[in-house]
Every structure is written in C-alpha cells, then in structure tokens.
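**Student:** Quick one: the structure is below, and I'll ask about it shortly.
Every number in this text was worked out from the coordinates using simple rules, so none of it is lab data. Just so it is clear, the structure is predicted and the values come from calculations on it, not from any experiment. All Cβ positions, glycine included, derive from the backbone under ideal geometry; neighbour counts span all protein chains shown.
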Amino acid sequence: MIDINLKGYFLCAQRAIKHFLERPEGPEGGVVVFDSSVHQIIPKPTYAGYACSKAAIGHLTSTLGLEYAGRGIRVNSVAPGAIATPMNAVTSVSFLCGFGESSFTRCDYIAGLDR
C-alpha cells in the first residue's frame, strides 16, 4: 500500500519537478496534482494502511508545495469523499455518528453545523 500510494507518488513528483526545473527554455513552473482520499482525514476501520498512505500524500502535497512555490511549481491534491454505494454502507462517518447510511448527508453533524 505504501509503495503505490506514497512511494509511487513521491517518485513521480520527483521526476516531474526535475523536468520542470531542467527545461531547456528555462524553468517556467509546472503543476503536480495528486489524487488522495477523504480517508486522509476521516478514519475507516480496517483501512489503516490506506488511510495512513493517503494522509502522507496530504503532507507530501503541502511540503512540496511550500518547497517549490518560489520556483513557480504548484502542488495540489484532490481528496474526493465517500459516495453512498452498497460498498460504503458502513463507514467511519456512520460509525462515529450512529446514523447509518444517512450519515452521508449528515456530515454537518460532525462539523457542528447543526447547532
């Protein structure tokens, strides 16, 4: 899990950034975009390896973004959330809230917006 979800991202970003900096016409910036997951923030039982690797991608994004911002290279990640499907019927959100499948529409409860 770590080899694909973290090491692979790191190596690809390393190559891309090297390319951006070594262009014959001069470094003109570039963009690196990672795909992550909502599980970089929200835990899910039995998904420790996946969640840890995605959380690491979040930190890799921030670190590389700060490191190369002065050279015009942007680093971003997209972290889509869960979609209400049979596979996701029991999620960490429903585990935390006790709302079952309706928790997909009740994230406002976790954020404290229902006060």
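**Student:** Among Cys52, Cys12, rank each residue by its count of other Cβ atoms within 10 Å, from fewest to most, as a rough exposure measure.
**Tutor:** Working: Cys52 17, Cys12 12.
So the ranking, lowest neighbour count to highest, is Cys12, Cys52.
**Student:** Something else now. In which sequence would Val33, Val38 go, from the one with the fewest C-beta neighbours within 10 Å to the one with the most?
**Tutor:** Working: Val33 12, Val38 17.
In order of increasing Cβ crowding within 10 Å: Val33, Val38.
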